[in-house]
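What follows is a single structure, written as structure tokens, with notes after it.
None of the figures in this text is laboratory data; all of them are computed from the coordinates on show. Not measured: the values here are computed from a predicted model. With ideal geometry, Cβ positions are generated from the backbone for all residues, glycine too; neighbour counts draw on all protein chains shown.
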Amino acid sequence: MAEKKILIADDDPHIRRLISELLVAEGYRILTAEDGEEAMRVSRDEHPDLIILDIIMPKVDGMEVCRRLRDETAAPILFLTAKDDITDLVSGLAIGGDDYITKPFKGAELVARVKAALRRSEMVRDSTEKEEYVSIGGLEIDRRRREVSIDDRPVELTQTEFDLLWLLASHRGTVFSRKEIVKALWGYDDPGISRTIDTHIARLRKKIERDSSNPEFIKTVTGVGYKFF
């Protein structure tokens with residue numbers, strides 16, 4: 001398997017060095033950036049498999065870096081922040097971030113979240129063809145290739161958007177609560193992530209629904225959650 005590249009963007013050299021040492025020990029190739037502009041340049045030049053972004057950085061902050069890169073890469077983005085305000089974390093996940101970890105952090109926790117994000121992005125599992133493909137009403141979802149199209153028009157989704165769509169579509173008719181969605185996609189319950197599910201659903205609807213104000217695929221079940229119709 002090819003060596004995974006991870007970009008660490010943080011203006012604190014101590015943090016960059018600490019995370020680099022942790023991940024090099026796990027066999028990853030490390031790229032670094034000390035500000036937002038450099039992070040975007042390195043990402044575009046090197047195409048990392050995962051990006052760790054500090055929220056507060058010089059020149060361009062982590063939120064804006066995520067917003068700009070999300071249209072260019074499906075690589076998982078993990079926010080690193082010292083902020084205690086959950087609103088900032090929710091905002092970061094809502095614009096395309098996949099997970100977050102707060103400073104100070106435990107090395108084992110950061111490594112575990114990196115590995116979990118990379119595992120989700122690979123989605124390499126043994127399953128039947130039926131389990132790898134969904135086709136309904138002009139919407140085509142190919143899990144193995146991680147490709148989606150609507151009326152033969154390709155749709156670009158982030159990792160989280162694709163995983164969310166597959167979860168719902170592969171369990172057609174099943175109602176998932178926000179908590180259940182977070183548990184299924186991230187492997188643990190986190191209220192910060194749970195609060196972003198509505199935003200992820202809204203972004204997904206804009207991409208796959210013919211009329212996002214009157215969705216035909218992803219239905220809201222009032223007071224419970226969501227289901228694929």
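General remarks:
- Modelled label positions at residue 20 and residue 153, each set 7 Å beyond Cα in the direction of Cβ, lie 4.5 nm from each other.
- Cα gyration tensor shape of segment 129-228, rounded if a/c is under 1.5, else prolate or oblate by comparing a/b with b/c: prolate
- Residues with amide H under 5 Å from that of residue 155, placed H, sequence gap 5 or more: 148, 149, 150
- Directionally averaged projected area (convex hull, Cα atoms, the chain), nm²: 12.7
- Charges were assigned to the Cβ only: +1 to each Lys and Arg, -1 to each Asp and Glu. The resulting dipole of the chain about its Cα centre is roughly 640 debye.
- Separation of the alpha carbons by more than 19 angstrom is noted, of 106/179; 103/179; 4/183; 4/115; 5/115; 4/59, for 106/179; 103/179; 4/183; 4/59.
- Counting only lysines at least 8 places from residue 206 when in the same chain, those with an alpha carbon closer than 20 Å to its own are 219, 227.
- With the simple spin-label model, which puts each label point 7 Å out from Cα in the Cβ direction, the residue 37 to residue 94 separation comes to 2.9 nm.
- Relative exposure of 222, 81, judged by other C-beta atoms within 10 Å (fewest first): 222, 81
- Relative contact order (%) - criterion: Cα under 8 Å, at least six apart; region: segment 176-229: 34
- Anisotropy class of segment 5-122 from Cα gyration tensor, a/c 1.5 cut: rounded
- All alpha carbon pair distances within segment 159-206 were sorted into 10 Å bins beginning at 0; the resulting P(r) in whole percents reads 27, 63, 10.
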